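Inspection log for the structure reproduced underneath, given as structure tokens.
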């Protein structure tokens with residue numbers, strides 16, 4: 001959605017999509033806004049609770065069936081396994097996505113890993129298509145005037161124009177661009193605490209082939225999962241940057257992580273957006 005500062009200020013039912021890598025401050029902003037009159041739509045929460053819930057539970061149950069005690073309790077309906085996903089705790093979703101590599105080190109086989117990646121992609125597309133409906137629901141059911149779409153870092157990877165066009169038609173897209181210092185900090189975090197990530201399949205294939213060659217490994221099942229995530233994260237980061245830039249250039253506006261870090265209130269957030277609109 002293309003607006004000027006005045007029209008944004010007069011927009012009674014504001015809806016903003018936050019775009020950028022995980023760790024740039026999207027969820028922190030959403031937490032600030034949800035204390036006011038903003039509905040916090042978390043893309044990852046919607047994915048985990050609506051579109052991947054059964055897949056996540058099936059994976060947990062399959063692992064539980066390896067225990068004779070739990071197997072007996074599950075088969076006799078004596079226990080119930082449920083997700084406890086929240087906007088602030090997405091670990092079940094992250095655990096399901098997993099990391100490719102050696103199963104003895106907690107890795108997932110390449111075929112299964114790719115299946116989960118495809119499921120996540122489809123779920124993210126569906127979740128983002130839900131945003132217009134949630135804008136209406138936020139107002140009509142929950143009584144919120146405004147909505148913030150806390151989108152996942154992989155939104156730029158979906159390569160589905162209709163999703164971006166839908167978001168641009170109903171929300172103002174705000175790209176949070178990392179400074180050099182913040183980029184280094186994101187990479188440092190990924191190295192110290194490597195987390196599951198979504199990759200486009202062609203990107204994954206190319207990077208995995210290079211990693212195997214560099215480490216003189218023959219199969220994905222030999223890959224140390226955490227090592228691969230540490231190795232690939234800077235490459236993924238640099239591959240996503242031009243994608244974010246294209247989306248922001250065509251559909252939205254850009255602010256920096258430094259500017260976002262200074263936001264402590266709704267008023268400051270709105271002022272930041274108006275400044276971004278004036279910059280164009």
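Selection within region 116-143: residues that are crowded, with 21+ Cβ neighbours inside 10 Å and over 18 Å from the mean Cα position of the chain (by Cα). The member of this set that is nearest to residue 39 (Cα to Cα) is 138.
Residue 211 - would you say it is touching a strand residue (DSSP E or B) at 6+ places or on another chain (Cβ under 7 Å), touching a residue at least 12 places away in the same chain (Cβ under 8 Å), in a helix (DSSP H, G or I) and under 22 Å from residue 103 (Cβ atoms)? Against the criterion (touching a strand residue (DSSP E or B) at 6+ places or on another chain (Cβ under 7 Å), touching a residue at least 12 places away in the same chain (Cβ under 8 Å), in a helix (DSSP H, G or I) and under 22 Å from residue 103 (Cβ atoms)), residue 211 does not qualify.
Only one of the numbered conditions (1) surrounded by 19 or more Cβ atoms within 10 Å (Cβ to Cβ); (2) in contact with a helix residue (DSSP H, G or I) (Cβ under 8 Å, 6 or more places away or on another chain) is violated by residue 248, and that is (2). When restricted to residues that are assigned to a helix (DSSP H, G or I) and either closer than 20 Å to residue 50 by Cα or more than 21 Å from the chain's Cα centre (by Cα) (or both), region 93-115 contains 11. Contact annotation: no residue pair with Cβ atoms under 9 Å, 6 or more positions apart or on different chains, pairs a residue in region 2-15 that is without any contact (Cβ under 8 Å) to a residue 40 or more places away in the chain and at positive phi with a partner that is loosely packed, with under 14 Cβ neighbours inside 10 Å and in a loop (DSSP other than H, G, I, E, B). Within region 163-183, if we keep just the residues that are assigned to a helix (DSSP H, G or I) and at pLDDT 95 or above, the residue that is nearest to residue 254 (Cα to Cα) turns out to be 168. Restricted to region 1-63, the set of helices (runs of 4 or more DSSP H) holding at least 3 residues that are crowded, with 16+ Cβ neighbours inside 10 Å comprises 26-34, 43-46. When 158, 90, 70 are screened for being surrounded by 14 or more Cβ atoms within 10 Å (Cβ to Cβ), touching a strand residue (DSSP E or B) at 6+ places or on another chain (Cβ under 9 Å) and at negative phi, only 90 passes.
The values are calculated or read from the model by the stated rules, or taken from the named source; none is laboratory data. Being a predicted model, the structure only gives us computed values, none of them experimental. Glycine also receives a Cβ, built like all others from the backbone with ideal geometry; neighbour counts cover every protein chain displayed.
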